[in-house]
């Protein structure tokens, strides 16, 4: 039976890899809907290639994009803004939602997909960083399926017993013997440079990732290791564990994507070339397997696999993520909001790379947010996000 896919964030790097896989498996998958935000010229070409039934664009671009589709001879329903994304995510014709919108903007549609009982392939970290409890509760209440696309979380998922894959609370059953999870990190472009060198780093240096091809925001997060901090918070929610049960190790080769440590001394690791097509293909076809198009790993070329303890002075953002997870969801919301704005300020040459951690820490300690109640919903979450962004804007202005 053909699986109908909605790719939200189709013009980003995750969208590229997802659509490359789907293009080679069109007998089994239909590209039913796409969305894009800035690169609408690229989105138009994707519409011409895949001819989806629906497409979402910014509200202000709906009429112009619809005219371009008509001129290209395409009959595609065009919807706009956050409401349009939610409409597509909950469309009764959609089986699977690839949640690949970067940042807080991806949260409402991802949560809506969960409440509609969809199969969700999650690349949007913020859905769990900002709304982990709400998101997981929605998945379980509405019998949705949540499969991680991040290479690290997907690796852990693959290394866990099937019973835990189906129900994350089973990780606490001692008979399964799970002791710890290990998230691997590349260390980014500044692994072997000093903090002083990081202070002087320019944009081009920060976005030059040694192993992965990613967008600017996530590349900067990798340079500060905020990306790993966000992944740590995400892993806590995905696998129902406290942050103390999740270790981070720098593995510069990016061959081992993450590991599960068991009580008997075993470590199960998932290995592969650093290519996002592998975890995406796994999630698309789970519990089956399909060809991803990724370059096979050459085991005979692996003559040096390194493992390094992170320097929490140089990579303070990783420490801040643990602090925020311990403090509660309200703190992870603040951290995420502050980091988004700080990264944006760096990419506009307003602050130094190392100022990002300073701003994040100031936001965590200064933004006056109350603890979220047990019945908090997305409006409560977005209210804290908005408050954090207002405070962070002032913090950036002070530093800039």
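Any residue at all in the range 230-240 that's buried (at least 17 other Cβ atoms within 10 Å of the Cβ), more than 29 Å from residue 336 (Cα to Cα) and in contact with a helix residue (DSSP H, G or I) (Cβ under 9 Å, 6 or more places away or on another chain)?
Within the range 230-240 (the criterion being buried (at least 17 other Cβ atoms within 10 Å of the Cβ), more than 29 Å from residue 336 (Cα to Cα) and in contact with a helix residue (DSSP H, G or I) (Cβ under 9 Å, 6 or more places away or on another chain)), the answer is no, since none of the residues qualifies.
For the range 49-91, how many residues meet the condition of being loosely packed, with under 15 Cβ neighbours inside 10 Å and either over 18 Å from residue 29 (Cβ atoms) or in contact (Cβ under 8 Å) with a residue 60 or more places away in the chain (or both)?
The total comes to 11.
Of 120, 164, 156, 203, which residue is within 22 Å of the chain's Cα centre (by Cα) and over 25 Å from residue 282 (Cβ atoms)?
Result of the check over 120, 164, 156, 203: 203.
For the range 24-49, which positions are touching a strand residue (DSSP E or B) at 6+ places or on another chain (Cβ under 7 Å), outside any loop (DSSP other than H, G, I, E, B) and farther than 20 Å from residue 92 by Cβ?
40, 43, 46, 47
Just the residues that are under 15 Å from residue 136 (Cβ atoms), part of a strand (DSSP E or B) and in contact (Cβ under 8 Å) with a residue 60 or more places away in the chain, please, taken from the range 92-124.
Correct list: 99 only.
Would you mention how many residues in the range 332-352 are under 20 Å from the mean Cα position of the chain (by Cα) and surrounded by 24 or more Cβ atoms within 10 Å (Cβ to Cβ)?
Going through the range 332-352 one residue at a time, the tally reaches 10.
Test residue 208 against the stated conditions and say whether it is surrounded by fewer than 20 Cβ atoms within 10 Å (Cβ to Cβ), free of Cβ contacts under 8 Å to residues at least 40 places away in the same chain, part of a loop (DSSP other than H, G, I, E, B) and not assigned by TED's automatic domain parsing to the domain that holds residue 349.
No; evaluated as a whole, the condition is false for this residue.
Does residue 112 satisfy the condition of being crowded, with 24+ Cβ neighbours inside 10 Å and not assigned by TED's automatic domain parsing to the domain that holds residue 249?
Against the criterion (crowded, with 24+ Cβ neighbours inside 10 Å and not assigned by TED's automatic domain parsing to the domain that holds residue 249), residue 112 does not qualify.
Inside the range 288-313, can you point out the residues that are within 30 Å of residue 8 (Cα to Cα), touching a residue at least 12 places away in the same chain (Cβ under 8 Å) and loosely packed, with under 13 Cβ neighbours inside 10 Å?
291, 295, 296
What is the one condition in (1) under 21 Å from residue 337 (Cβ atoms); (2) surrounded by fewer than 24 Cβ atoms within 10 Å (Cβ to Cβ); (3) at pLDDT below 95 that residue 107 does not satisfy?
Result: residue 107 fails condition (2) only.
Considering every residue within the range 218-227, establish whether at least one is touching a helix residue (DSSP H, G or I) at 6+ places or on another chain (Cβ under 6 Å), part of a loop (DSSP other than H, G, I, E, B) and touching a residue at least 60 places away in the same chain (Cβ under 8 Å).
yes
Taking residue 198 as meeting all but one of (1) under 27 Å from residue 330 (Cα atoms); (2) at pLDDT 90 or above; (3) outside any loop (DSSP other than H, G, I, E, B), write down the number of the exception.
(1)
Of the residues 143, 153, only one is in a loop (DSSP other than H, G, I, E, B) and either in contact (Cβ under 8 Å) with a residue 12 or more places away in the chain or touching a helix residue (DSSP H, G or I) at 6+ places or on another chain (Cβ under 9 Å) (or both); which?
Exactly one residue qualifies, and that residue is 143.
Could you please find all residues in the range 267-287 being out of contact with any strand residue (DSSP E or B) (no Cβ under 7 Å at 6 or more places or on another chain), outside any helix (DSSP H, G or I) and buried (at least 19 other Cβ atoms within 10 Å of the Cβ)?
274, 275, 276
The values are calculated or read from the model by the stated rules, or taken from the named source; none is laboratory data. Here the structure is a predicted model, which means the values were calculated and not measured. Virtual Cβ from ideal backbone geometry, glycine too; neighbours counted across all protein chains shown.
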